[in-house]
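These notes are about the structure you will find just below.
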Amino acid sequence: MKPPKPPDPALRLFVGHLPFNATDEYLREFFEESGYRVDEVMIVKDQESGRSRGFAFVTFPAGTDIKKIIETFNGQSFMGQYLTVNEAKPKNPPRWSNTAPDQSRKR
């Protein structure tokens, strides 16, 4: 059995400026009430406190016009906050590595 395929990054949006009391369900309903089908909503939470960090990632099915969603929802009011909606960027690799620094460069 194959492992699940990760979502296409082109179909994943970053949604910022969320109120801390927002839930995955509220955010899903917000997009679906405008006629968009949502595959996944993930509000990012602090690992220690479990409290929302104020942003989420929302994934849409293939064929969804992501640019139109951004135009429609960026700056829209959601639970009293004005959202920032844009394409999710791939996670940056850590700046540290397990290898020694390059000693060949002269300083």
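We did not get these values from a lab; they are worked out from the coordinates using the rules stated. Since the model is a prediction, treat every value here as computed from it, not as a measurement. Glycine gets a Cβ as well: all are built from the backbone with ideal geometry, and neighbour counts include every protein chain shown.
Positive contributions from Lys and Arg (+1) and negative ones from Asp and Glu (-1), summed over other residues with Cβ under 9 Å from the Cβ of Lys45, come out at +1. Proximity of backbone amide H atoms, modeled 1.01 Å from N, is registered between Ala22 and no other residue at under 5 Å, excluding neighbours fewer than 5 places apart on the same chain. Arrange Tyr82, Tyr36, Tyr26 by Cβ neighbour counts within 10 Å, fewest through most, would you? Ascending number of Cβ neighbours within 10 Å: Tyr82, Tyr26, Tyr36.
Here r is the Cβ-Cβ distance between Lys45 and Glu71 and R0 is 25 Å; the resulting FRET efficiency, rounded to 0.05, is 0.30.
Modelled label positions at Ala62 and Glu33, each set 7 Å beyond Cα in the direction of Cβ, lie 3.1 nm from each other. Among Asp24, Asp65, a tally of other beta-carbon atoms within 10 Å of each Cβ gives an order, fewest to most, of Asp65, Asp24.
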